[in-house]
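Notes follow the structure.
The values are calculated or read from the model by the stated rules, or taken from the named source; none is laboratory data. Please read these numbers as outputs of a predicted model, since none were measured by experiment. FYI the Cβ positions are ideal-geometry reconstructions off the backbone, even for glycines, and counts take in every protein chain you see. For the accessible areas, the whole protein counts, side chains as well, though only heavy atoms, and no ligand, DNA or RNA atoms are used. Shrake-Rupley method; radii C 1.70, N 1.55, O 1.52, S 1.80 Å.
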Amino acid sequence: MTITINGSGTLSGISTGGISDTKAITNAAVPAGSIVQVVTAESDTSHSNTSDTYTDIGLSASITLSNANNKVLILGSINYLVKRNYYQTWAGYRLLRGTTEIQKGPDGVSGGDDKAFEIGFTQSNNDTYAELAGRYNTHVVDAPGSVGAHTYKFQSAQKSSSATPVIITNVPNTSSTSGADPKSYITLMEITV
């Protein structure tokens with residue numbers, strides 16, 4: 001039998017048990033590991049934090065899970081500049097789902113972890129200024145355990161609040177960051193289990 005796509009977008013010539021009017025593939029037929037939906041957000045608003053207390057950087061996204069067993073793959077790419085009037089500087093980001101910490105920030109910050117990713121470096125003790133620009137990229141798999149909306153966001157903090165530290169997110173183009181993409185991105189993917 002011939003299957004025909006009609007001018008209205010409907011199909012004819014499909015036998016009973018073929019494609020339904022509402023779904024081409026049922027939820028039960030979607031194999032594990034499939035991407036059900038993708039949500040993205042970006043921010044180009046510059047944010048500075050000079051303390052060792054976490055603050056929101058203005059990068060967040062929400063995803064509404066269709067199944068409580070599904071997982072969320074979070075991809076983050078954050079433009080940053082870390083600087084301090086000292087020979088070393090350390091800072092970092094953490095990831096939250098609502099108020100639950102999903103990925104820890106740097107050690108030395110409230111709730112930090114010495115195994116967490118930190119941005120920074122140490123140079124000669126004779127130097128009185130340290131500056132580092134780059135892009136922080138991360139990926140995390142989370143299992144929220146319930147359907148409904150889940151909001152993910154990033155926060156930044158300095159490891160130390162002494163010697164005038166600052167971590168800047170979405171750095172405007174300057175002489176030291178010329179040509180950099182001054183935006184940060186977050187992508188959320190619902191993955192079937």
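Would you confirm, using the coordinates I've provided, whether residue 25 is at pLDDT below 65, closer than 30 Å to residue 5 by Cα and open to solvent by 70 Å² or more (accessible area, probe 1.4 Å)? Considered against the rule, which asks whether it is at pLDDT below 65, closer than 30 Å to residue 5 by Cα and open to solvent by 70 Å² or more (accessible area, probe 1.4 Å), residue 25 comes out as yes. Each residue in the range 145-165 was checked for being surrounded by fewer than 23 Cβ atoms within 10 Å (Cβ to Cβ), outside any strand (DSSP E or B) and modelled with pLDDT of 70 or more, and 3 pass. Annotation: of all residues in the range 114-142 being open to solvent by 60 Å² or more (accessible area, probe 1.4 Å) and modelled with pLDDT of 90 or more, the one that is nearest to residue 47 (Cα to Cα) is 137.
Filtering 102, 168 for residues that are crowded, with 16+ Cβ neighbours inside 10 Å, modelled with pLDDT of 80 or more and touching an Asp or Glu at 6+ places or on another chain (Cβ under 9 Å) leaves a single hit, 102.
Taken as a whole, the structure places residue 73 among residues that are under 11 Å from the mean Cα position of the chain (by Cα) and surrounded by 14 or more Cβ atoms within 10 Å (Cβ to Cβ).
Where residues in the range 28-67 are hydrophobic (A, V, I, L, M, F, W, C) and under 14 Å from the mean Cα position of the chain (by Cα), which of them is farthest from residue 149 (Cα to Cα)? Before the answer, list the steps.
If we filter the range 28-67 for residues that are hydrophobic (A, V, I, L, M, F, W, C), which is where we start, we get 28-30, 32, 35-36, 38-39, 41, 57, 59, 61, 63, 65.
Imposing the further condition that a residue be under 14 Å from the mean Cα position of the chain (by Cα) reduces the set to 38-39, 41, 57, 59, 61, 63.
Details: 38: 13, 39: 12, 41: 15, 57: 21, 59: 17, 61: 10, 63: 5 Å.
The qualifying residue farthest from residue 149 (Cα to Cα) is 57.
Of the candidates 55, 64, the single residue that is at pLDDT 90 or above, within 24 Å of residue 143 (Cβ to Cβ), surrounded by 11 or more Cβ atoms within 10 Å (Cβ to Cβ) and touching a strand residue (DSSP E or B) at 6+ places or on another chain (Cβ under 8 Å) is 64.
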